[in-house]
Structure formats: C-alpha cells, structure tokens
Amino acid sequence: MDGVTNASNTSYQEFSLSFTPGTTDIYYFAIRVSNSSFTLAIGFDDFSLVEIPPTGTDYTYTMSGGYDPSNPSGVNEPLSTLTVLDGTAVLDDATTLGSITVKPGAVLDPDADVSADFVFESTALGSGQLANRENHSITGSARVENFIPAQRAFRSIASSVGDVSVADSWQLQTHVTGAGGATNGFDVTQTNNPSMFEFDHLLSDQSLPWVSIPDTDYLLEAGTPYFLMVRGDRDIVDLNNNNSPSQDVTLVAEGTLHTGNFDVVTSDYPGNYTLVGNPYQAVVDLNNLTYGADVNYTHAHYWDPQIGTYGDYVEITLIDGDTDPSSSNANQFLRPGQAVFIRNSTSPTGSDFSIQFNEDDKATGGTQTTVFSTDTSLKYVNLRIYTQERFLNNQSEEDAMALRFTANGNNLIDENDALKMFNQGANISSLNGSDSFSIEHRAIPQDGEIIPLSILGLQTDIYTFLITAENFDADQNITLVDHYTNDSIAIDQGTNQIEFTTDTSIPESISESRFQLVFENETFGIEDSIIDTITLYPIPVEKILHIKSQLNKNLTLEIYNSIGQQIMKANLSPNQAQSLSLENIPSGVYLVKISDGTRIYYKKIIKK
C-alpha cells in the first residue's frame with residue numbers, strides 16, 4: 001500500500017487508499033460517508049466517483065413467524081420497508097419507515113405514531129386494514145385498492161382517502177362516462193350517459209336522489225359514498241360494446257388517508273334514507289356506530305350487484321343476528337370501500353338524525369365474506385324468487401323477503417320492520433296496509449291469519465319460489481295460495497320449492513296480489529284420529545273422504561279453503577259412517593271443521 005490520505009469537511013469524511021498492483025498502474029479507492037449514506041469512489045489514474053445508493057431493511061411480518069429480521073417498532077429508517085403478509089402487525093413505538101404495505105386480509109395496528117407511505121392491497125380475499133389508531137398520528141400518503149369482481153354493474157362504494165380527482169384515481173382503471181364526454185374529461189360513448197353519481201341527502205323527496213358528477217376533475221372525499229357503474233378493466237372492456245365481457249378490476253386511489261372521528265352527512269327528514277360510506281381502511285361493525293335518537297338502525301339496506309340480473313337491494317337485521325332472507329353475504333360488517341343505506345325513523349317529530357364513526361368502531365377481525373348465524377328459536381318464513389333459468393344454473397335469486405314471528409311481536413308497522421327498497425327486476429314483499437316490507441316482524445300467527453304478498457316486475461317466464469319455514473309448532477300449518485290457478489300449496493318445515501308460470505298477456509298471471517300466505521292451527525295435532533270417537537280417512541284424499549263417528553250426537557261438518565271460503569257443509573248422524581265426494585274440488589289444502597254444538601274441532605286435509 002503506497003499511501004492513505006484523510007480528507008474531511010463539515011458534511012462528510014473521505015478516506016482514500018492507493019496501491020500499486022504492478023510496476024506502473026496505480027489504483028485509487030475512496031469511501032465517502034455522509035450521515036447514513038455513503039459513496040464509493042473507484043479510480044484508475046484519476047478519481048472516478050461511482051454512486052452506490054443507500055439501502056434500508058426490508059422488514060416482513062407474518063402471523064406464524066412474527067417480524068423478520070427484527071421488530072421495526074421505534075426505528076427511524078426512511079429507507080426501510082415493512083410488508084404485513086398476514087395476521088396483525090403491531091407497531092408499539094413511534095416509527096418512521098419509507099413504506100408499509102398491508103396485504104389482503106392482513107392488519108396494521110399502529111399503537112404509536114407512524115410515518116410512512118402506505119399501501120393497502122385488495123383482492124377477492126379482502127382488503128388490507130388499518131386498526132384503531134386512536135390517540136396516535138398516521139402521516140404519509142396512502143394508496144388504497146378496492147377489488148371489484150367481473151360483472152358489468154353499479155356498485156355502491158366509498159373511498160378511505162380524499163383530495164384525489166376521479167381522473168387520477170378510479171378512471172385510470174375503469175371507464176367513467178358522463179355528460180359532455182371528453183370535454184368534461186369523461187370516456188366517450190354514443191350516449192354519454194353518466195356512470196358515477198352522488199346521493200343528494202338535502203332533498204326531502206328522495207324519488208330522484210342521484211346526482212351525476214360534473215367532470216372527472218371532481219375530487220373524491222374520504223367517507224363520501226358514490227354509485228359507480230363498473231364495467232371492468234378499461235384496458236380490456238370495449239366501452240362501445242355492451243356485450244363485451246367484464247373483467248376483474250382493482251380500483252386504486254392515492255391520497256390522504258382518513259383517521260379520527262367522522263360525521264356522516266345525513267338526510268334530515270323523517271323516513272328518509274342516508275347513504276353511509278365507510279371512511280376507514282378497516283371493517284366497521286355497523287352496530288357500533290353512534291346513532292342519533294331518531295335513526296332507525298335496526299336494519300341496513302345494501303345494494304348487492306351479485307343478486308338478480310341487474311343487482312338488488314338486500315336488507316339485513318343489524319341487532320339480533322336473525323337469518324336474513326337473501327343469499328347475499330351482506331352483514332353487519334361494513335367493508336373498506338363499501339357504502340350502505342340507513343333509514344331515519346318515521347316519527348314526524350324526529351330531528352336527531354346524526355350518524356358518527358369513531359376509531360373504536362373498527363372491527364378488523366370482522367368477516368369480509370360470510371353471513372349471520374341462525375337463531376334456532378325464531379319462527380320465520382324466508383321467501384326467495386328466481387327465474388327458472390337462474391335457479392337451474394345455481395345463480396342468485398331475483399329478490400327475497402322475510403317474515404319473523406315472536407311472542408312479544410306485533411302486527412303494527414314500527415321500527416322493527418324494514419321497508420321495501422324496489423329493484424329493477426322482480427320484487428317480492430309482504431303487504432301491511434298500503435306499505436311493502438322486505439323484512440316484517442309480527443306476532444305469532446293466529447288461526448286463519450292471512451298475509452298478502454306483493455310481487456311486481458314479473459315477465460313472461462317460469463319462476464321458482466324457494467320458501468323456508470323454520471321452528472313452527474307441529475300443529476301450525478302454512479299454505480301458499482295462488483289466486484290465479486286457485487291452488488293451495490302446503491308449506492312444510494324446511495325448504496320448499498314451488499314453480500309457477502307467468503304470461504304478460506294475461507294480467508291475472510302477473511297480478512301484484514296473486515299470492516298470499518295463510519296460517520292455520522290444528523286443534524288436535526297431526527294424527528288421523530280427530531278424537532277417540534271421530535276419524536277422517538284417507539289423508540291425503542283423492543276422491544272420497546270417509547267420516548266415522550261413534551258419538552251419540554248430531555254433528556256439523558264444514559270444509560273451508562285456504563282463504564276462508566266455505567266450499568262444503570254436511571250434517572253427520574250419530575254413530576254412523578258417512579262418505580263425502582271431494583272429486584270436484586281442486587287439489588290443495590283444506591280445513592275441516594266439526595262441531596257437536598258445544599265443542600269445535602279442526603283438521604287439515606290434503607286433496608290430491
């Protein structure tokens with residue numbers, strides 16, 4: 001080694017080394033150290049500096065292995081990265097990193113101040129989440145993703161970041177159209193029909209609440225809900241071909257991540273709806289939100305694009321976790337990037353319609369895919385309607401409704417009942433007075449009680465009812481009455497599949513009031529023997545019903561159809577066998593009433 005020199009100034013120190021490997025050539029090496037970075041200089045005869053970029057540490061976290069190579073909590077390393085692969089990664093000391101990436105289904109729990117550029121990824125498995133950061137600051141930009149599966153449909157969505165334009169966010173992944181076309185930054189179509197809307201909460205009349213965005217310079221705001229037609233990946237979908245297959249697409253927005261409390265812009269009119277967007281990059285339990293005294297938070301109303309042909313509104317019960325009628329996986333857990341309707345109380349004196357999100361409302365352990373568990377004690381009827389084609393192809397229903405019966409229930413219209421939100425296709429609901437309900441809570445049905453159904457939007461087709469009845473007593477019978485065919489169809493405990501046909505040229509076949517449910521109570525159970533001295537047989541009956549009486553009394557026998565109309569009456573002599581012809585009455589379920597003058601007995605029979 002021929003020499004070592006040491007040069008220094010106020011910003012760095014430089015060390016140079018030289019040596020002679022042969023007889024004539026001299027090589028020079030220098031290392032420049034400046035704060036946490038360094039520069040290596042390699043020279044032949046003359047110095048020629050080669051910049052070596054500084055590097056940090058790539059930290060990872062897994063639920064099974066923890067942090068690797070070490071826990072970065074408390075570090076100040078703006079050149080280092082952290083990737084949370086699964087589980088929940090806790091940073092419990094003030095931490096500065098260059099970037100933090102949270103994979104789908106994983107959670108970052110900042111139990112201290114954290115500074116970094118954040119990436120929350122999203123796939124069909126779910127989205128990366130940020131847990132409760134109450135009392136701690138989160139600084140840095142955030143890139144949030146929202147995976148949308150392939151289906152050309154409207155989506156009710158929100159963003160957890162704000163201050164980014166539509167053009168610089170969602171429009172980079174999917175087409176956004178609107179009035180004025182390219183003049184306003186929109187993708188151009190033949191019609192330039194709008195594809196992105198806001199919900200106007202200031203209107204008292206919500207019959208036309210959707211307002212299209214004016215241009216694509218429009219800024220997304222965290223927690224503001226939108227209705228967006230997602231056709232699919234803009235690089236693949238042909239905008240001018242409605243039959244162009246949709247593709248999975250991941251919508252991306254990069255901006256300021258919302259943290260802290262969030263006050264929802266609500267409708268301030270009784271009975272109106274508020275569209276509530278999730279402001280957080282986390283699952284939120286809707287049961288935990290802070291609701292004003294005049295908000296009816298017993299139910300939530302989701303727009304589910306996977307239900308029906310065009311997407312449908314589905315209703316869920318938030319508080320009691322009952323089995324909901326739809327096959328939708330919507331539940332009380334509002335996912336990142338999701339929005340939902342909550343209705344105001346109908347009280348004309350109501351005024352407190354506020355809704356607030358708080359950091360401790362987050363439920364990062366809440367499922368992003370499954371549905372409620374079943375209450376095994378609740379008496380309920382769930383009814384779904386399918387086109388035959390959708391049913392045979394294992395596709396979702398067109399619509400659904402539910403009836404729930406409890407001992408302390410009532411048949412009045414109150415906040416326990418979910419008013420129907422109507423869809424583009426077939427709609428089914430229960431009728432109570434002039435109001436339609438997708439979920440109706442009622443008292444235990446009385447003998448002979450009739451609940452009319454409303455079905456709208458039927459086309460010429462073959463439809464399938466899937467009716468599930470559970471937890472009713474053995475002597476409680478349910479019948480579906482079809483006023484068009486005059487059929488009365490017994491509904492058994494469990495799941496019942498019933499087909500019916502419609503023809504738009506026959507008004508009666510698509511009548512809103514074509515169907516109703518009838519509830520009947522048997523006094524003496526399900527055995528053929530009514531009492532020890534009276535027997536009906538055979539059951540079911542094909543043509544002739546035989547009645548054998550051993551009572552020393554005259555009896556009166558009456559037969560009623562499922563809507564309470566008397567179709568036959570006969571007198572029975574004491575101690576005799578008698579036969580009645582039922583050959584001319586339609587197939588269905590009937591109620592037989594036998595009276596001895598002081599006592600009345602009932603029995604359900606089935607006519608084949």
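The values are calculated or read from the model by the stated rules, or taken from the named source; none is laboratory data. Given the structure is predicted, the values throughout are model-derived calculations rather than measurements. No Cβ is skipped: glycine too gets one built from the backbone with ideal geometry, and neighbour counts run over all protein chains shown.
Figures for the structure shown
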{"read-out": "Residue among L403, L392 that is outside the structural domain of L318 (by TED's automatic domain parsing) and either in contact with a Pro (Cβ under 9 Å, 6 or more places away or on another chain) or under 23 Å from F519 (Cβ atoms) (or both)", "value": "L403"}
{"read-out": "Strands (runs of 3 or more DSSP E) (entirely within region 544-608) containing at least 2 residues that are modelled with pLDDT under 85", "value": "544-549, 588-595, 600-607"}
{"read-out": "Some residue of region 279-295 being out of contact with any Pro (no Cβ under 9 Å at 6 or more places or on another chain) and among the β-branched types (V, I, T)", "value": "yes"}
{"read-out": "Search result, residues across region 391-425 that are in contact (Cβ under 8 Å) with a residue 60 or more places away in the chain and closer than 18 Å to Y463 by Cβ", "value": "F391, S396, E397, E398, D399, A400, M401, F422, N423, Q424, G425"}
{"read-out": "Pair list, Cβ under 8 Å, 6 or more apart: region 464-485 residue in a loop (DSSP other than H, G, I, E, B), other residue acidic (D, E)", "value": "D475/E522; H483/E508; Y484/E508"}
{"read-out": "Some residue of region 110-123 being in contact with a Pro (Cβ under 7 Å, 6 or more places away or on another chain), outside the structural domain of N278 (by TED's automatic domain parsing), under 18 Å from P336 (Cβ atoms) and surrounded by fewer than 19 Cβ atoms within 10 Å (Cβ to Cβ)", "value": "yes"}
{"read-out": "Members of region 432-458 found to be in contact (Cβ under 8 Å) with a residue 60 or more places away in the chain and either out of contact with any Gly (no Cβ under 8 Å at 6 or more places or on another chain) or aliphatic (A, V, I, L, M) (or both), listed by number", "value": "S438, I439, I444, P445, Q446, D447, E449, I450, I451, P452, L453, I455"}
{"read-out": "Residue identified as over 26 Å from F341 (Cα atoms) and not aromatic (F, W, Y) among A142, A158", "value": "A142"}
{"read-out": "Top-ranked residue in region 546-581 [being surrounded by 15 or more Cβ atoms within 10 Å (Cβ to Cβ) and touching a Phe, Trp or Tyr at 6+ places or on another chain (Cβ under 8 Å); ranked as nearest to V481 (Cα to Cα)]", "value": "S562"}
{"read-out": "Residue list for region 230-264, filter: under 19 Å from L275 (Cα atoms) and surrounded by 18 or more Cβ atoms within 10 Å (Cβ to Cβ)", "value": "V230, H258, F262, V264"}
{"read-out": "Candidate set from region 142-187 (those that are at pLDDT below 95 and part of a loop (DSSP other than H, G, I, E, B)); member that is nearest to the chain's Cα centre (by Cα)", "value": "P149"}
{"read-out": "Check on T62, hydroxyl-bearing (S, T, Y), within 23 Å of S137 (Cα to Cα) and at pLDDT 95 or above", "value": "no"}
{"read-out": "In region 210-245, the residues that are in contact (Cβ under 8 Å) with a residue 60 or more places away in the chain, part of a loop (DSSP other than H, G, I, E, B) and under 27 Å from I342 (Cβ atoms)", "value": "E221, A222, G223, T224, P225"}
{"read-out": "Candidates G232, G271 - the one that is under 30 Å from K103 (Cα atoms) and not β-branched (V, I, T)", "value": "G232"}
{"read-out": "Which listed residue is modelled with pLDDT of 85 or more and either part of a loop (DSSP other than H, G, I, E, B) or hydrophobic (A, V, I, L, M, F, W, C) (or both), from F353, F372", "value": "F353"}
{"read-out": "Only one of T256, T250 that is outside any loop (DSSP other than H, G, I, E, B), within 22 Å of the chain's Cα centre (by Cα) and touching a residue at least 12 places away in the same chain (Cβ under 8 Å)", "value": "T250"}
{"read-out": "Filter result for V518 (at pLDDT 85 or above and buried (at least 17 other Cβ atoms within 10 Å of the Cβ))", "value": "yes"}
{"read-out": "Selection count where residues are part of a strand (DSSP E or B), out of contact with any Ser or Thr (no Cβ under 9 Å at 6 or more places or on another chain) and either more than 22 Å from H299 (Cα to Cα) or of a type in the set (A, V, I, L, M) (or both), scope region 424-449", "value": "1"}
{"read-out": "Restricting region 454-489 to residues that are of a type in the set (A, V, I, L, M) and in contact with a Ser or Thr (Cβ under 6 Å, 6 or more places away or on another chain), the residue that is surrounded by the fewest Cβ atoms within 10 Å (Cβ to Cβ)", "value": "I462"}
{"read-out": "Candidate set: region 423-441, residues that are over 18 Å from T346 (Cβ atoms) and in contact with a Leu (Cβ under 7 Å, 6 or more places away or on another chain); chosen: the one surrounded by the most Cβ atoms within 10 Å (Cβ to Cβ)", "value": "I428"}
